[in-house]
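Okay, so here's the structure we're looking at.
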Amino acid sequence: MNRTTLIIDGNWLMMSRLGVMMNKFSTELNENQLQSASNELVDFLAQSVNKIINFFGDSIDNIIMVQDGGSWRKHVRRPKLYQDEYKGNRVKDEALDWNYIWKSLDQFCQNFKNANISCFSEKDCEGDDWCWYWSNELNKKGINTIIWSSDRDLQQLVTWNKNGSWTAWYNDKAGLVCHKSLKSETGDLLTDMLSISNQSQSFEYLKMMLEQRFVDISYIDPLDIIMEKVICGDSGDNIKAIMRLKKGDRIARVSEKEWGMVKEGYGSFLDNLNKFKAIAKPIIKELKQLKRFQGNADSEDDLYQMFLFNMRLVCLDSKYIPKEIKDRMKSHKDEYVVADMESIINNYKVLAPSDDVPVDELFDIF
């Protein structure tokens with residue numbers, strides 16, 4: 001079995017690379033031009049994956065990709081205080097031919113499969129769900145994972161486990177984000193890790209490699225990511241803050257700073273999701289008493305239902321993901337394979353076998 005697997009957020013990867021190619025997918029172009037653009041985007045994605053594999057080198061020995069298949073969260077019953085749609089604020093640019101854009105990602109995923117690299121997609125399963133499933137599943141087997149994405153929500157998945165395995169999150173701009181338990185207390189992380197597990201030495205190797213390249217490494221409590229998003233919302237996913245108040249033409253929402261002040265009062269008590277949920281009502285009372293929200297007329301029960309709704313949308317946890325969705329992901333359990341990394345490192349065209357697209361250096365800007 002392998003040591004460390006890179007989990008690629010396929011939809012994020014495509015959207016991040018699409019940004020420099022949008023004009024090539026204009027609806028004003030003919031089918032030949034659009035197909036050429038689609039081939040070029042697939043080639044661009046392949047170059048990007050090749051580059052990240054070469055960047056990590058021996059620190060990873062397998063890759064998998066996950067792809068959105070819709071979202072079960074859009075079907076969750078909405079509370080009184082949320083009448084919008086989950087991710088309903090994401091509007092497609094009508095000037096682009098999205099059929100060819102999504103066709104590019106589908107083709108790229110098929111290329112992965114043709115190259116005997118695991119790629120996962122299922123109806124109503126978001127890429128976030130897959131990242132949760134595979135990081136958890138592989139960690140249980142003692143395999144470390146690195147999630148490659150710019151989606152900060154996925155930082156809630158960083159962990160360190162008793163068997164010595166870990167999950168980290170990586171993005172070129174932010175660097176490596178790890179669980180706080182992986183931070184060296186003695187100043188000599190190798191000594192710390194040897195006292196825990198030989199498997200954890202893989203983190204020391206990764207850390208040294210990144211430090212030599214001046215890549216930022218940070219350590220967090222993943223629970224902080226969940227709590228902040230539940231309380232303060234997330235405009236990117238159209239998740240509303242649980243405490244809001246309309247003031248003229250704008251809506252005031254509970255800020256990260258205000259939540260931080262309330263959270264500080266609970267000290268180290270807030271150390272797991274169950275405790276966070278258990279004191280939801282006292283938290284709501286405190287937020288309601290903040291000076292900015294004195295005019296909030298929402299009942300505490302309605303605010304509590306909003307809290308529970310946000311927990312359902314935000315938490316990547318077995319208790320909050322429907323059994324049907326978990327069963328769909330589990331049905332792919334035996335499809336995990338260890339790729340021939342050497343062939344991908346030496347030739348990115350393994351992931352973009354079409355000969356129609358010239359080799360370019362677009363990916364260097366990332």
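Of ILE147, ILE220, ILE251, which has the largest mean-square fluctuation in a 10 Å C-alpha GNM of the chain?
ILE251
Could you work out how much longer the chain between SER218 and LYS51 gets when fully extended? Use 0.36 nm per residue separation minus the Cα distance between them, nm to one decimal. Working shown, then result.
Values: separation 167, 0.36 × 167 = 60.12 nm, distance 2.26 nm.
Length difference between fully extended and current span is 57.9 nm.
Please check which bits of segment 1-20 a label hung off ALA95 would reach, taking the label as a point 7 Å along Cα-to-C-beta and the cut-off as backbone N under 15 Å.
19-20, by backbone N distance to the label point.
[x] 23.0, 86; [y] 22.0, 64; [z] 30.9, 129: which one is Rg and Dmax of the Cα atoms in Å as calculated from this entry?
Computing Rg and Dmax of the Cα atoms in Å and matching it to [x] 23.0, 86; [y] 22.0, 64; [z] 30.9, 129 gives [y].
Ignoring everything except DSSP H segments at least 4 long, calculate the 222 nm mean residue ellipticity for the chain; use -39,500 (n - 2.57) per segment, divide by total residues, nearest 500.
Taking each H run of at least 4 residues, the total per residue is -12500 deg cm²/dmol.
Evaluate the distance, in nm, between pseudo-label points positioned 7 Å from the Cα of ILE251 and of MET1 along their respective Cα→Cβ axes.
4.6 nm
Given H placed 1.01 Å from N in the peptide plane, which residues other than close sequence neighbours of GLY233 have an amide H under 5 Å from its amide H?
Amide H neighbours of GLY233: ILE242.
Quick check on the exposure proxy: order PHE293, PHE269 from fewest to most C-beta atoms within 10 angstrom.
The most exposed by this proxy come first: PHE269, PHE293.
Computed from the coordinates by the stated procedures, all read-outs in this text should not be read as laboratory data. None of the values given here were measured: they were computed from a predicted structure. As a convention, Cβ positions derive from the backbone with ideal geometry for all residues, glycine included, and neighbour counts pool all protein chains shown.
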